[in-house]
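Have a look at the structure below, then the notes.
The values are calculated or read from the model by the stated rules, or taken from the named source; none is laboratory data. Model, not experiment: these values are computed from the prediction. Positions of Cβ are generated from backbone atoms using ideal geometry, with glycine treated the same way; all protein chains shown enter the neighbour counts. We work out accessible area using only protein heavy atoms, side chains counted, and drop any ligands, DNA or RNA first. Shrake-Rupley method; radii C 1.70, N 1.55, O 1.52, S 1.80 Å.
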Amino acid sequence: MATIAIYSLKGGVGKTTLAVNLAWCAATQSARRTLLWDLDPQAASTFLLGARKPKDAAQAVFTKDVAPEKLVVTTATPRLDLLGADTSLRGLDVLFHELDKKKLLTKLLAQVGRDYDRVLLDCPPGITETSDQVMRAADLIVVPVIPSPLSERAYAEVADKLGKRAALMPVHSMVDKRRKLHAEALARHPDWPVVPMASLIEQMAAKRAAIGGFAPRSAAAQAFQALWTAIERRLAG
């Protein structure tokens, strides 16, 4: 089992979009038994995959009041399961601090991950106790970066603070190559994978599905598929 975290210091950079579409690719393109674990109290991945939020039980997994596998639900995509989020996760950073168990998430992943080939984590933004747990647990951290100075600055901070502790994979997200700033950013980092800005991404919320499920031939779907292939190669290396 390999764990891939989708993480960013900033919000609004396409993190959840990446998490849902990459999980779909893992289950469909690679035929992996896949779990998407939503750690963000906004529960956007939980919503997009068409699942009901657990009733204030998501944090109970970390206090061992509820076994994580008890909250796992199947999705409409074969081989893709979800461990959903709810607002109880707003207190997760405080809980991690109080418990003072630096590898708690690692241990829980070993427990719930026995039945999966790939586990993807949709992480809340910020450098927090939760992000510390993620850095210890994940085999690869995928970091979406909008092609803008502020977003690149945020990634540089993540790389400075966490790069020595975890394998990072920056990805240019929400890209519009017609914009000069975006084109310049892509030229500075030609080796970073690129996910384009697309109206189809906005349709995910209405359809509550990954783009590959309803527009498999679109440029956006192909970009996610190419990114997943790159992730698999990185894990294999």
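Return a yes/no flag: does the stretch 173-189 have any residue that is touching a helix residue (DSSP H, G or I) at 6+ places or on another chain (Cβ under 7 Å), more than 15 Å from PHE224 (Cα to Cα) and among the basic types (Lys, Arg). Yes, there is a match, as at least one residue in the stretch 173-189 is touching a helix residue (DSSP H, G or I) at 6+ places or on another chain (Cβ under 7 Å), more than 15 Å from PHE224 (Cα to Cα) and among the basic types (Lys, Arg).
Meeting the requirement of 2 or more residues that are surrounded by fewer than 23 Cβ atoms within 10 Å (Cβ to Cβ), the strands (runs of 3 or more DSSP E) wholly within the stretch 16-117 are 72-74.
Restricting attention to the stretch 1-13 and to residues that are open to solvent by less than 20 Å² (accessible area, probe 1.4 Å) and not aromatic (Phe, Trp, Tyr), the residue that is farthest from ILE201 (Cα to Cα) turns out to be ALA2.
Residue-by-condition table, conditions (1) out of contact with any strand residue (DSSP E or B) (no Cβ under 9 Å at 6 or more places or on another chain); (2) modelled with pLDDT of 95 or more:
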site: VAL13; (1), (2): no, no
site: ASN21; (1), (2): no, yes
site: THR28; (1), (2): no, yes
site: THR34; (1), (2): no, yes
site: ASP38; (1), (2): no, yes
site: GLN42; (1), (2): yes, no
site: LEU48; (1), (2): yes, no
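Entry remark, the stretch 147-167: residues being among the hydrophobic types (A, V, I, L, M, F, W, C) and in contact with a helix residue (DSSP H, G or I) (Cβ under 6 Å, 6 or more places away or on another chain) number 2 in total. Scoring ALA76 on the criteria (1) in contact with a Gly (Cβ under 8 Å, 6 or more places away or on another chain); (2) of a type in the set (Gly, Ala, Ser); (3) within 17 Å of LEU121 (Cα to Cα) leaves a single failure, condition (3). Could you list all residues from the stretch 131-146 that are of a type in the set (Asp, Glu) and either under 13 Å from the mean Cα position of the chain (by Cα) or closer than 18 Å to LEU36 by Cβ (or both)? Matches in the stretch 131-146: ASP139 only.
Based on what the data block shows, is PRO190 exposed (fewer than 15 other Cβ atoms within 10 Å of the Cβ) and under 21 Å from VAL13 (Cβ atoms)? Taking the combined requirement at face value, the residue satisfies it. Name every residue in the stretch 147-183 that is closer than 13 Å to LYS10 by Cα, in contact (Cβ under 8 Å) with a residue 60 or more places away in the chain and open to solvent by 40 Å² or more (accessible area, probe 1.4 Å), in order of residue number. If the condition is that a residue be closer than 13 Å to LYS10 by Cα, in contact (Cβ under 8 Å) with a residue 60 or more places away in the chain and open to solvent by 40 Å² or more (accessible area, probe 1.4 Å), then LEU150, GLU157 are the ones that fit. Within the stretch 200-223, does at least one residue satisfy the condition of being touching a residue at least 24 places away in the same chain (Cβ under 8 Å), in contact with a Phe, Trp or Tyr (Cβ under 9 Å, 6 or more places away or on another chain), surrounded by 18 or more Cβ atoms within 10 Å (Cβ to Cβ) and outside any helix (DSSP H, G or I)? Yes, the stretch 200-223 contains at least one residue that is touching a residue at least 24 places away in the same chain (Cβ under 8 Å), in contact with a Phe, Trp or Tyr (Cβ under 9 Å, 6 or more places away or on another chain), surrounded by 18 or more Cβ atoms within 10 Å (Cβ to Cβ) and outside any helix (DSSP H, G or I). Between LEU200, LEU227, LEU186, which is among the aliphatic types (A, V, I, L, M) and within 14 Å of LEU22 (Cα to Cα)? When all the criteria are applied, what remains is LEU227.
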